[in-house]
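Chemist: There's a structure below that I have some questions on.
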Amino acid sequence: MTIRKAVFPVAGLGTRFLPATKAVPKEMLPVVDRPLIQYAVDEALEAGIETMIFVTGRGKGAIEDHFDIAFELERTQADRGKSVAALEGTRLTPGNAVFVRQQEPRGLGHAIWCARDIVGNEPFAIILPDELLVGRHKGCLAQMIDQYEKVGGNLVCALEVPAEETPSYGVIDPGAQDGVLTEVKGLVEKPALGTAPSNLMLPGRYILQPEVMDLLATQEAGAGGEVQLTDSMAKLIGQQPFHGVTFDGERFDCGSKLGFAQANFALACRDAAMGDELKSWARGFLD
Ligand code: UTP
């Protein structure tokens, strides 16, 4: 069955970016000139997603405004004879953008469950917008959908990280490997140092069958006192096909200040208008 819907959990508190995120949603922080959530939506559009489901919370209204038509802005620019080309891709129609609330930030698993009625009884994608994934030949979700068409079931994006970093992530217990596909035998959320079953972490892209919603409904809080998506996904293993897809591209963890700064620098260096000047300035700055 085609993947038509993607869930974007955007209800987190973004405490690592305080005070910037006191009044501005983390997902609206810009990398060069576009907010993080725009990169996520572009990735979904490229993958053929038709319905974007945003799980929002208090103080996240700017996300809704971002994907609306900015009538005054567009009208004023038109009156001044100026282009609105920069707004391309920001106007989602009411038919393909849906907003639901997570009233308390009880964790990623709970946020996904809040979208259950809109997702309905069909497989769906999840994109965590604070993970900026830049695909080499195509976007991450498009790469995953290519594999979904071959094996179906549940898929998670997989990325190799140094062993000492595994305690920060959900990690795959790997089975047989076939090209970019790795059979998933188990999933562990934030394993203690030295106990991870592999170095393959989950960087926030998923294609899941709707049955995960029933599991999330009864899911208790796990690591960090939050309802963990990983715990419910782990219960699907053995019942349905479950694979990891090795991502071909770069990952920037924009939920952390270091990753966010790296993303801004890397993408600005590639910017046609300012990249060369920035690189030459950076060389001088580092000398
Ligand atoms: P994070 O784990 O990065 O949490 O969530 P956070 O609260 O946003 O940030 P910090 O750790 O306090 O700095 C990953 C994604 O899941 C969403 C977040 O908005 C983010 O996009 N999320 C997290 C929810 O929607 N609800 C939650 O309860 C938790």
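Chemist: Looking only at region 212-232, count every residue that is of a type in the set (Ser, Thr, Tyr), buried (at least 19 other Cβ atoms within 10 Å of the Cβ) and over 20 Å from THR246 (Cα atoms) and tell me the total.
Modeler: So the answer is 1.
Chemist: When both residues are 6+ apart or on different chains and their Cβ atoms are under 8 Å apart, which pairs have a first residue that lies in region 79-104 and is in contact (Cβ under 8 Å) with a residue 24 or more places away in the chain, and a second that is basic (Lys, Arg) and in a loop (DSSP other than H, G, I, E, B)?
Modeler: So the pair list comes out empty.
Chemist: Within region 235-287, which residues are more than 19 Å from LEU202 (Cβ to Cβ) and in contact with a Gly (Cβ under 6 Å, 6 or more places away or on another chain)?
Modeler: Once the filter is applied, which keeps residues that are more than 19 Å from LEU202 (Cβ to Cβ) and in contact with a Gly (Cβ under 6 Å, 6 or more places away or on another chain), region 235-287 yields only CYS269.
Chemist: If you don't mind, there's one more thing I want to ask. Name the pairs: first residue in region 14-26 and more than 14 Å from THR56 (Cβ to Cβ) and open to solvent by 90 Å² or more (accessible area, probe 1.4 Å), second residue more than 8 Å from the ligand (Cβ to nearest atom) and outside any loop (DSSP other than H, G, I, E, B), Cβ to Cβ under 8 Å, at least 6 apart or on different chains?
Modeler: From residues that are more than 14 Å from THR56 (Cβ to Cβ) and open to solvent by 90 Å² or more (accessible area, probe 1.4 Å), the pairs are ARG16/LYS257.
Chemist: Of (1) under 16 Å from ASP231 (Cβ atoms); (2) surrounded by fewer than 22 Cβ atoms within 10 Å (Cβ to Cβ); (3) modelled with pLDDT of 95 or more, LYS190 satisfies all except one. Which?
Modeler: (3)
Chemist: If you don't mind, another one. Is there a residue in region 54-72 that is under 24 Å from ALA142 (Cα atoms), more than 12 Å from the ligand (Cβ to nearest atom), open to solvent by 10 Å² or more (accessible area, probe 1.4 Å) and free of Cβ contacts under 8 Å to residues at least 60 places away in the same chain?
Modeler: Yes, because at least one residue in region 54-72 is under 24 Å from ALA142 (Cα atoms), more than 12 Å from the ligand (Cβ to nearest atom), open to solvent by 10 Å² or more (accessible area, probe 1.4 Å) and free of Cβ contacts under 8 Å to residues at least 60 places away in the same chain.
Chemist: Same structure again: For region 99-121, what are the residues that are more than 9 Å from the ligand (Cβ to nearest atom) and touching a strand residue (DSSP E or B) at 6+ places or on another chain (Cβ under 7 Å)?
Modeler: Within region 99-121, PHE99, VAL100, ARG101, ALA115, ILE118, VAL119 meet the criteria.
Chemist: Sticking with this structure for a sec: For region 243-279, give me the residue count where each residue is within 16 Å of the ligand (Cβ to nearest atom) and surrounded by fewer than 14 Cβ atoms within 10 Å (Cβ to Cβ).
Modeler: 3
Chemist: Within the set of pairs 6+ apart or on separate chains, which have a first residue in region 244-269 that is among the acidic types (Asp, Glu), a second that is not in a strand (DSSP E or B), and C-beta atoms under 7 Å apart?
Modeler: Correct list of pairs: ASP248/ARG136; ASP248/HIS137; ASP248/GLN143; ASP253/GLY259.
Chemist: Continuing with the same structure: What single numbered condition from (1) within 8 Å of the ligand (Cβ to nearest atom); (2) over 25 Å from GLU122 (Cβ atoms) fails to hold for PRO35?
Modeler: Only one criterion is unmet by PRO35, namely (1).
Chemist: Does at least one position in region 130-137 carry a residue that is within 16 Å of the ligand (Cβ to nearest atom), out of contact with any strand residue (DSSP E or B) (no Cβ under 7 Å at 6 or more places or on another chain) and over 20 Å from GLN219 (Cβ atoms)?
Modeler: The answer is yes; a qualifying residue exists.
Chemist: Could you please find all residues in region 193-211 being surrounded by 17 or more Cβ atoms within 10 Å (Cβ to Cβ) and more than 18 Å from the chain's Cα centre (by Cα)?
Modeler: ALA196, SER198, ASN199, listed by residue number.
Chemist: Report every pair of residues separated by at least 6 positions or lying on different chains whose Cβ atoms are under 7 Å apart, first residue within region 187-210 and touching a residue at least 24 places away in the same chain (Cβ under 8 Å), second among the polar types (S, T, N, Q) and assigned to a loop (DSSP other than H, G, I, E, B).
Modeler: Hits for this filter: GLU189/GLN228; PRO210/ASN121.
Chemist: Starting from residues that are of a type outside the set (Lys, Arg) and away from the ligand (no atom under 11 Å from the Cβ), keep the ones in region 1-27 and report whichever is farthest from ALA261 (Cα to Cα).
Modeler: Across region 1-27, the extreme among qualifying residues is MET1.
The values are calculated or read from the model by the stated rules, or taken from the named source; none is laboratory data. Since we're looking at a predicted model, the values are computed, not measured. When we count neighbours, we look across all protein chains shown, and the Cβ atoms used for this are built from the backbone with ideal geometry, even at glycine. Each accessible area value is taken on the protein alone, full model and side chains, heavy atoms only, with ligands, DNA and RNA left out. Shrake-Rupley method; radii C 1.70, N 1.55, O 1.52, S 1.80 Å.
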